[in-house]
Protein chains: 2
Amino acid sequence: MKLKDLSELLNLSPTTVSRALNGYPEVSEATRRRVREAAETHGYRPNVRARSLATGRAMAIGHVIPLSSKHEMMNPVFTDFIAGAGEVYAAQGYDMLLTIVPDELQEQTYRDLRTNGSIDGLLVHSPKLAEQRIHLLNEIGIPYVVHGRASDCNEPYAWVDMNNTHAFRRATDLLLDLGHRRIALVNGLADMDFAIRRQAGFEEAFAARGLDTDPALIAGEEMTEMFGHEAARAFLAQPDPPTAFLVSSIITALGVRRAIGETGLRLGRDVSIVTHDDDLSYLQNRGDVPMFTATRSSVRDAGRHAARILIDMVENPAAGLRQALLEAELILGQSTGPRLQSAAE
Amino acid sequence: MKLKDLSELLNLSPTTVSRALNGYPEVSEATRRRVREAAETHGYRPNVRARSLATGRAMAIGHVIPLSSKHEMMNPVFTDFIAGAGEVYAAQGYDMLLTIVPDELQEQTYRDLRTNGSIDGLLVHSPKLAEQRIHLLNEIGIPYVVHGRASDCNEPYAWVDMNNTHAFRRATDLLLDLGHRRIALVNGLADMDFAIRRQAGFEEAFAARGLDTDPALIAGEEMTEMFGHEAARAFLAQPDPPTAFLVSSIITALGVRRAIGETGLRLGRDVSIVTHDDDLSYLQNRGDVPMFTATRSSVRDAGRHAARILIDMVENPAAGLRQALLEAELILGQSTGPRLQSAAE
DNA sequence: GACTCACCCCAAAGCGCTTTGGATGCGGTT
DNA sequence: AACCGCATCCAAAGCGCTTTGGGGTGAGTC
């Protein structure tokens with residue numbers, strides 16, 4: 001069933017039918033109703049391709065997921081982020097176009113998507129400290145929103161980010177308040193912007209008390225469970241092991257907890273963990289007393305925010321860039337406790 | 001830069017340029033080269049919408065992710081599945097269209113995607129035991145591949161699945177061989193097809209030895225860490241607690257392990273776990289001795305398979321339905337050991 | 001009754017591409 | 001020299017929609 005068929009069926013011109021369905025005022029309410037009903041009963045759906053060819057709008061948002069050839073790792077956070085974004089897209093009539101692309105092909109992909117005409121806007125994931133993509137996208141000239149920020153980039157861009165520095169500042173303060181001094185930071189990859197901000201918050205808290213962080217207690221890698229396990233094992237094997245861990249992902253924190261368990265220490269008594277918690281649907285850190293003390297910030301919410309901002313920019317190009325800084329809440333769970341005095345002290 | 005511009009630039013007709021770029025034989029090799037080079041240097045990319053309007057092919061595959069309103073849970077397995085599928089799509093020039101849709105809107109979504117013209121084929125996720133979607137899609141008439149199967153469906157359809165029954169049969173046999181008799185099954189949602197097959201394999205192994213499973217030791221829910229924790233806690237609190245757990249997801253298994261740890265039991269000695277392992281990139285169960293004994297089957301591989309099959313069906317409609325049954329491998333890890341004799345025996 | 005003015009509606013062009021059905025020119029045959 | 005066949009190329013139609021620029025009709029006005 002296409003527009004023409006429907007119009008013939010109704011003894012109307014395609015013009016009128018199109019206008020009726022798209023809510024233009026040049027058509028009487030009676031006709032509009034008649035058209036709407038006919039469209040409904042005959043299951044007419046406008047061909048998206050034809051429409052977007054005619055309007056110049058793709059009604060689609062692209063998500064480009066870079067897949068580093070080294071790690072081949074899909075960020076688990078991604079699932080919930082697109083769930084949030086997808087919700088908004090669906091509500092606004094947009095499609096989501098997902099492209100998973102090796103790091104080295106990214107530039108071409110962005111350019112193609114643009115000239116292709118297959119999307120109206122882009123969502124950029126996993127920004128690094130110095131993010132060339134922003135420059136590229138500004139040059140290409142397509143609306144986009146970055147999930148996260150790029151500290152070393154001084155060009156303007158729209159973003160949605162969590163207040164990483166502040167969250168980790170608070171988390172560190174908590175551990176320091178509990179008496180911990182040997183605190184290990186188990187972070188994400190060192191060139192990721194969020195990881196750098198988190199480390200900054202960590203160091204800020206130490207500095208504010210005139211204390212120093214120990215570089216030997218800082219590690220950064222892809223945030224897998226295995227990495228958390230390995231890093232924690234290594235830290236705990238040091239002569240002067242940490243009494244607390246600050247971890248960047250709840251998945252990594254599970255690995256840290258495993259290592260702690262293997263060492264025979266008790267979590268929340270002998271050793272503390274504070275982790276960031278993206279509030280993933282399959283890994284919820286909830287309950288009367290959540291298993292982890294955590295800085296929580298829903299990544300699904302971030303997805304919703306980003307999608308809304310992006311659509312707004314697409315539909316309203318004059319409005320300018322928009323940003324949103326989401327705050328994390330500090331959740332007290334079972335994984336923290338005051339530092340135990342060692343026998344020597 | 002559009003086709004017409006390029007053709008004027010080259011003093012050729014749009015026809016010839018189109019043919020040259022698309023590899024039609026009606027154009028001389030010299031011209032083809034000239035056109036290709038010009039296209040390259042001027043960064044010409046055909047407009048996907050216009051092309052697909054003309055050809056009738058969308059060059060896009062749709063993935064529809066049902067989001068149950070009850071659970072609002074994104075399956076973490078999904079991340080790696082689409083990573084695999086996306087790889088294949090990219091290589092074959094297809095786009096991936098992702099739609100996240102509440103359960104109740106699914107039917108309309110499928111119909112729309114079809115009549116919309118925005119996709120050439122569909123990937124169906126998370127089939128349940130009795131899957132109405134298959135009937136619907138057969139009726140709609142669009143190529144699709146199901147990730148998983150629907151046991152209660154006797155219509156023909158293409159699928160890619162893991163051999164769930166066999167995997168869990170083997171896993172159960174292993175535990176039985178180790179002397180375990182009280183084995184708990186911590187499964188996925190009871191109406192999911194894979195969960196039913198896994199339970200079947202579980203029961204099959206018992207039956208083959210003339211043993212009975214205990215319904216009080218079977219639980220099924222969304223496979224979150226929390227569920228694993230709660231289910232295991234409840235089982236361990238029973239008067240005659242299980243000495244082994246068979247778990248459907250490594251994430252759930254982490255919860256089970258947590259519960260075991262809390263009870264003061266030692267994993268691999270006092271209690272055993274065998275889990276299914278989808279080989280998620282961020283939760284790898286590897287190393288000299290992996291942390292979990294597991295039935296491993298890469299869901300990313302499954303994604304690749306499914307994508308290949310689907311594209312094949314799209315480009316080659318006459319070829320008929322295709323299926324692929326992937327076998328899991330049994331990995332021995334640290335989480336299993338022989339059943340300890342209790343003092344009473 | 002002629003005129004204006006809304007109000008509804010339509011024909012046709014156009015979005016950027018593919019594809020059908022020729023047209024053209026050239027070397028080779030007879 | 002006329003003819004044929006082949007290799008190259010092109011004009012124009014068409015994919016399904018939106019949108020521009022009218023055109024007809026009836027009520028209201030003088």
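The values are calculated or read from the model by the stated rules, or taken from the named source; none is laboratory data. If you're wondering where the values come from, they're calculated on a predicted model, not measured in any experiment. Cβ sites come from the backbone with ideal geometry, for glycine too, and all protein chains shown count toward neighbours. Just so you know, the surface numbers come from the protein's heavy atoms only, side chains and all, with ligands and any DNA or RNA stripped out. Shrake-Rupley method; radii C 1.70, N 1.55, O 1.52, S 1.80 Å.
Within the range A:47-62, how many residues are buried (at least 17 other Cβ atoms within 10 Å of the Cβ) and closer than 13 Å to A:ILE142 by Cα? Adding up the residues that qualify gives 4.
The set of residues from the range A:141-158 being farther than 14 Å from A:ASP191 by Cβ and surrounded by fewer than 16 Cβ atoms within 10 Å (Cβ to Cβ) comprises A:GLY141, A:ASN154, A:GLU155, A:PRO156. Among the residues of the range A:270-282, the ones that are modelled with pLDDT of 95 or more and either farther than 23 Å from A:ARG169 by Cα or touching a Leu at 6+ places or on another chain (Cβ under 6 Å) (or both) come to 2 in all. Looking across A:ARG49, A:ARG57, A:ARG19, one residue alone is free of Cβ contacts under 8 Å to residues at least 60 places away in the same chain, within 26 Å of A:MET313 (Cβ to Cβ) and of a type outside the set (Phe, Trp, Tyr). It is A:ARG49. One residue alone among B:ASP240, B:ASP191 is at pLDDT below 95 and touching a Lys or Arg at 6+ places or on another chain (Cβ under 7 Å), and that residue is B:ASP191. Taking the criterion of being out of contact with any helix residue (DSSP H, G or I) (no Cβ under 7 Å at 6 or more places or on another chain), closer than 25 Å to B:LEU67 by Cα and either among the charged types (D, E, K, R) or open to solvent by 50 Å² or more (accessible area, probe 1.4 Å) (or both), the residues of the range A:287-320 that qualify are A:GLY287, A:ARG296, A:HIS305. Against the test of being aliphatic (A, V, I, L, M) and closer than 30 Å to A:ARG114 by Cβ, the options A:ALA328, A:ALA244, A:ALA319, A:ALA294 yield a single qualifying residue, A:ALA319.
Which ones in the range A:268-286 are open to solvent by 10 Å² or more (accessible area, probe 1.4 Å) and within 9 Å of chain B (Cβ to nearest Cβ)?
If the condition is that a residue be open to solvent by 10 Å² or more (accessible area, probe 1.4 Å) and within 9 Å of chain B (Cβ to nearest Cβ), then A:SER281, A:GLN284, A:ARG286 are the ones that fit.
Among the residues of the range B:64-85, the one identified as in a loop (DSSP other than H, G, I, E, B), within 8 Å of chain A (Cβ to nearest Cβ), free of Cβ contacts under 8 Å to residues at least 40 places away in the same chain and open to solvent by 10 Å² or more (accessible area, probe 1.4 Å) is B:GLU72.
Restricting attention to the range B:15-40, the residues that are charged (D, E, K, R) and near DNA strand C (Cβ under 10 Å from one of its atoms) total 2.
Only one of the numbered conditions (1) in a helix (DSSP H, G or I); (2) free of Cβ contacts under 8 Å to residues at least 40 places away in the same chain is not met by A:ALA195, and that is (2). Confirm whether B:ALA39 is over 19 Å from B:LEU123 (Cβ atoms), within 12 Å of chain A (Cβ to nearest Cβ) and more than 9 Å from DNA strand D (Cβ to nearest atom). Yes, satisfied. Inclusion of A:LEU123 among residues that are surrounded by 19 or more Cβ atoms within 10 Å (Cβ to Cβ) and without any contact (Cβ under 8 Å) to a residue 60 or more places away in the chain is not warranted. Restricting attention to the range B:86-102, and to residues there that are among the β-branched types (Val, Ile, Thr) and within 9 Å of chain A (Cβ to nearest Cβ), which single residue is surrounded by the fewest Cβ atoms within 10 Å (Cβ to Cβ)? Filtering first and then ranking leaves B:VAL101. The set of residues in the range A:28-54 being assigned to a loop (DSSP other than H, G, I, E, B) and either more than 42 Å from the chain's Cα centre (by Cα) or of a type in the set (Ser, Thr, Tyr) (or both) consists of A:SER28, A:TYR44.
Of everything in the range A:116-142 that is assigned to a loop (DSSP other than H, G, I, E, B) and among the aliphatic types (A, V, I, L, M), the residue that is nearest to the other protein chains (Cβ to nearest Cβ) is A:ILE119.
Table: residues versus (1) free of Cβ contacts under 8 Å to residues at least 60 places away in the same chain; (2) more than 24 Å from B:THR252 (Cα to Cα).
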residue	(1), (2)
A:LEU217	yes, yes
A:THR224	no, no
A:ALA244	no, yes
A:ALA259	yes, no
A:LEU265	yes, no
A:HIS276	no, no
A:PRO290	yes, no
A:THR293	no, no
A:ALA302	no, yes
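For the range B:104-128, the set of residues classified as charged (D, E, K, R) and either farther than 18 Å from B:ARG149 by Cα or not assigned by TED's automatic domain parsing to the domain that holds B:PHE81 (or both) consists of B:GLU104, B:GLU107, B:ARG111, B:ASP112, B:ARG114, B:ASP120, listed by residue number. So which of A:ARG181, A:ARG170 is surrounded by fewer than 23 Cβ atoms within 10 Å (Cβ to Cβ), among the charged types (D, E, K, R) and part of a helix (DSSP H, G or I)? Answer to the selection: A:ARG170. When the residues of the range A:1-27 are filtered to those that are in a loop (DSSP other than H, G, I, E, B) and open to solvent by 60 Å² or more (accessible area, probe 1.4 Å), which remaining residue is farthest from DNA strand D (Cβ to nearest atom)? Restricting to residues being in a loop (DSSP other than H, G, I, E, B) and open to solvent by 60 Å² or more (accessible area, probe 1.4 Å), the top hit is A:ASN11. Given the condition within 14 Å of another protein chain (Cβ to nearest Cβ) and at negative phi, answer yes or no: does some residue in the range A:143-164 qualify? Among the residues of the range A:143-164, not one is within 14 Å of another protein chain (Cβ to nearest Cβ) and at negative phi, which makes the answer no. Among the residues of the range A:206-230, the ones that are open to solvent by less than 10 Å² (accessible area, probe 1.4 Å) and out of contact with any Leu (no Cβ under 6 Å at 6 or more places or on another chain) come to 3 in all.
Would you check if there is a residue in the range A:205-218 being within 25 Å of A:THR79 (Cβ to Cβ) and not aromatic (Phe, Trp, Tyr)? No, the range A:205-218 contains no residue that is within 25 Å of A:THR79 (Cβ to Cβ) and not aromatic (Phe, Trp, Tyr). Among the residues of the range A:55-87, those that are in contact with a Leu (Cβ under 9 Å, 6 or more places away or on another chain) and closer than 22 Å to B:ASN116 by Cα comprise A:ALA58, A:ALA60, A:ILE61, A:GLY62, A:HIS63, A:ALA85, A:GLY86, A:GLU87. Reported count of residues in the range A:99-132, each being away from DNA strand C (no atom under 16 Å from the Cβ) and within 26 Å of B:LYS2 (Cβ to Cβ), is 10.
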